[in-house]
Amino acid sequence: DVLATDPPKGKYKLIANIPYYITGAILSKYLTAENYPESMVVLVQKEVAERIVARDGKHSLLSLSVHVYGTPKIVYRVSKGSFYPIPSVDSAVLAITDISHKNFKDKKHEEMFFKVLHSGFAHKRKFLIRNLETVAQKEVLEKTFDENKIPRNVRSEDVTLPVWLLLA
């Protein structure tokens, strides 16, 4: 069971055909691990891979959770017809390179990043500033948004990784 196994000691790369229903859990476990892989190459559901790389410029909780640790790229798509029995979805080979924890000052910053990120995506239809009122006072948020020229009517999916890191 990959989720019950500790990451190996020393340098390693994670290369796997992973169960699609636990993609997020696997990526989170290994990217956040103290001993994280140098790189990852995984076969995932095509739509999930596309969401992770955020080709349309719209980020999700999952895409930002991956981008903060490394650089995701779809290497190639794999048609469902390539498998037997034929599954109901297409797949994609996703490579995550340049994995590091360099975006975080320390463990506390990393924890705050995910707290802010989860709050920001709690209610998709709300503006980001309203979602963040669960982690900071309204006045503090307004001042932070204004000082950093973050539009008060921005939605979570339109905010870039550097802005999320600043908010954390």
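Rolling a 1.4 angstrom probe over segment 37-154 with all protein chains present gives an accessible area of which 52% lies on carbon and sulfur atoms. Each of Leu166 and Phe83 was given a label point 7 Å from its Cα along the Cα-to-Cβ line. The distance between the two points is 4.1 nm. Full extension of the segment from Glu133 to Asp158, taken as 0.36 nm per residue of separation minus the current Cα-Cα distance, would add 7.2 nm. Summary of packing: across the peptides 106-114, 156-164, the per-residue average of other C-beta atoms within 10 Å ranks them, highest first, as 156-164, 106-114.
Loop-resident GluC sites (Glu not before Pro) (DSSP state other than H, G, I, E or B) in segment 1-73 with no more than 10 further Cβ atoms inside 10 Å of their Cβ: Glu34. Ranked by the mean number of other Cβ atoms within 10 Å of their residues, highest first, the peptides 91-100, 121-130 fall in the order 91-100, 121-130. At full extension, Leu3 and His118 could sit 39.2 nm farther apart than now, given 0.36 nm per residue minus the alpha carbon distance. Ligands, DNA and RNA are left out, and with a 1.4 angstrom probe the accessible area of the chain is 59 Å² per residue.
As a length-normalised measure over Cα pairs under 8 Å and 6 or more apart, the relative contact order of segment 48-142 settles at 20 percent.
A prolate overall shape is assigned to segment 63-118, the ratio a/c of its alpha-carbon gyration tensor axes (a ≥ b ≥ c) being 1.5 or greater and a/b exceeding b/c. Evaluated at q = 0.19, 0.28 Å⁻¹, the base-10 log of the normalised Debye intensity for segment 111-168, with identical point scatterers placed on the Cα atoms, takes the values -0.56, -1.38. Shown for segment 1-86: lysine pairs separated by 8 or more places, or found on different chains, whose C-alpha atoms are under 21 Å apart, numbering 10.
The values are calculated or read from the model by the stated rules, or taken from the named source; none is laboratory data. Keep in mind the model is a prediction, meaning the values are calculated, not measured. Using ideal geometry, Cβ is built from the backbone for each residue, glycine included, and neighbour counts are taken over all protein chains shown. Heads up: the accessible areas ignore ligands, DNA and RNA and are worked out on the full protein's heavy atoms, side chains in. Shrake-Rupley method; radii C 1.70, N 1.55, O 1.52, S 1.80 Å.
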